[in-house]
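The values are calculated or read from the model by the stated rules, or taken from the named source; none is laboratory data. Note that the coordinates shown come from a computational prediction; the quantities given were computed from them, not determined experimentally. Ideal geometry is used to build each Cβ from the backbone, glycine not excepted, and the neighbour counts take in all protein chains shown. Remember, those area values only see protein heavy atoms, side chains included, never the ligands or the DNA or RNA. Shrake-Rupley method; radii C 1.70, N 1.55, O 1.52, S 1.80 Å.
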Amino acid sequence: MFVWSYWKTIFTKPANPSKEFCLPKSEKEQYEKEQRPETQQEILKKVATSLPLYTRTGAGAIRYCDRCQVIKPDRCHHCSACDMCVLKMDHHCPWVNNCVGFSNYKFFILFLTYSLVYCLFIAASVLQYFIKFWTLCRRKSAENCPKSDLPESHAKFHVLFLFFVAAMFCISILSLFTYHLWLVGKNRSTIEAFRAPVFRNGPDKNGFSLGFSKNIAQVFGDEKKYWLLPVFTSQGDGLSFPTRLVTIDPEQPTECLQLGGLDKGAVEVSAEQTSPLSESQNRLLGNDYHSEEDHKETEVLKSDESEAITISIESES
């Protein structure tokens, strides 16, 4: 399993943006001829209206890669080592000589898992000989050393070296494995952990978090029987992702109106109206859902007899 997951992590090609994120020929020529950034952004916004994009640059502009000449999908970044845009890029790993992203992130997690188990197994199986090496053979002369299960002196140094290497790799892999499990639970990449993704309403490090169980399913899939196998079961296509702005995150506190006269029935109706949307609705809403919505003024009607408060909020799609 260690070799299988390591092989899949190395030789799985990083996923790239599809052709729909490339500029059409006419817009591309117009973009290259234009010198003003404002006009270039207008061209990008015109093309991006039909794309499922939620994230922006720090300045609120459309994320565009001049190197690859594509509009970057959400969570997509350009890797300078691979010289390509990688979907849901996590990092470029020199240990596997490949970019870790949407196509092989599950394989990378399993590679860390089986590497940790492998190192623990080696350290545990060599521990008894390591103890005998220090308890029975601490003298400089091998002739005066009491007989043990390791008669050859060179083998003893091999055991010593093997134990320390396994232990050191176990400690280093354990820290990396724990960190990536935390990222999976929060539905973040390494890049997003250091720099929060920017949405239209500002940066939000939990923008793609859907709750712990759904975050796990985003990487490992819905069927648990495939979780420990290095086969691709991640959800989605890598081009669009459900966001917390559309699907309510149960881990995040929700803001509510605290009014003394608000009865229980009104709270239940409000809870039904704010139920999370499905993933298909998430994609269909596109940028229009995250644009500034026009709300009607809240009408508060107070009755002198019952002193009940009624709130009516309507939004224009």
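The mean sequence distance of close C-alpha pairs (under 8 Å, at least 6 residues apart), as a share of the length of segment 5-145, puts its relative contact order at 27 percent.
What number comes out for the charge environment of residue 85, summing +1 per Lys or Arg and -1 per Asp or Glu over other residues with Cβ under 9 Å away?
Numbers: positive: 67, 72; negative: none.
Here the charged neighbours net out to +2.
Rolling a 1.4 Å probe over the protein heavy atoms gives segment 1-125 an accessible area of 51 Å² per residue.
Give me the net charge of residue 99's neighbourhood, meaning all other residues with Cβ under 10 Å from the Cβ of residue 99; Lys, Arg count +1, Asp, Glu -1. Numbers along the way, then the final one.
Values: positive: 13; negative: 90.
Cβ neighbours under 10 Å give a net charge of 0.
Can you tally the net charge around residue 183? Count Lys and Arg as +1, Asp and Glu as -1, for every other residue whose Cβ sits under 13 Å from the Cβ of residue 183. Surrounding charge for residue 183 is +4. The string of couplings for segment 110-124 from the Karplus curve (6.51, -1.76, 1.60, θ = phi - 60°) is 5, 4, 5, 4, 6, 5, 5, 5, 5, 5, 5, 5, 5, 5, 5 Hz, one whole number per residue in order, with x for Gly and Pro.
A cut-off of 5 Å between modelled amide H atoms, ignoring neighbours fewer than 5 places along the same chain, links residue 54 with 74. For residue 102, the accessible area of its heavy atoms, probed at 1.4 Å with every protein chain present, is near 20 square angstrom.
Close amide-amide hydrogen proximity is noted between residue 98 and 93, each under 5 Å apart and 5 or more residues distant or on a separate chain (H modeled in the peptide plane; Pro and chain starts excluded). Distance between Cα centroids, segment 207-229 to segment 156-197: provide it in whole Å. Between the Cα centre of segment 207-229 and that of segment 156-197, the gap is 20 Å. Using θ = phi - 60° in the Karplus curve 6.51 cos²θ - 1.76 cosθ + 1.60, the 3J(HN,Hα) couplings for segment 186-191 round to 9, 6, 10, 9, 4, 5 Hz; x is entered for Gly and Pro. Between residue 93 and residue 61, the simple label model (points 7 Å from Cα in the Cβ direction) yields a spacing of 3.4 nm.
Exceeding 28 Å between C-alpha atoms, which entries from my cross-link table qualify? They are 28/106; 8/214; 205/225.
Values: 28/106 35 Å; 8/214 24 Å; 205/225 31 Å.
Violating the 28 Å limit, Cα to Cα: 28/106; 205/225.
Note on segment 58-139: along the principal axes its Cα atoms extend 69, 24, 22 Å, ordered by decreasing extent.
Close amide H partners of residue 79, meaning residues 5 or more places away or on another chain with modelled amide H under 5 Å apart, are 84, 85, 86. Of the chymotrypsin sites (Phe, Trp or Tyr not before Pro) in segment 36-101, the ones in a loop by DSSP (not H, G, I, E or B) with at most 15 other beta carbons within 10 Å are 95. Taking 0.36 nm per residue of sequence separation and removing the Cα-Cα distance, the residue 19/residue 154 pair yields an extension gain of 42.6 nm.
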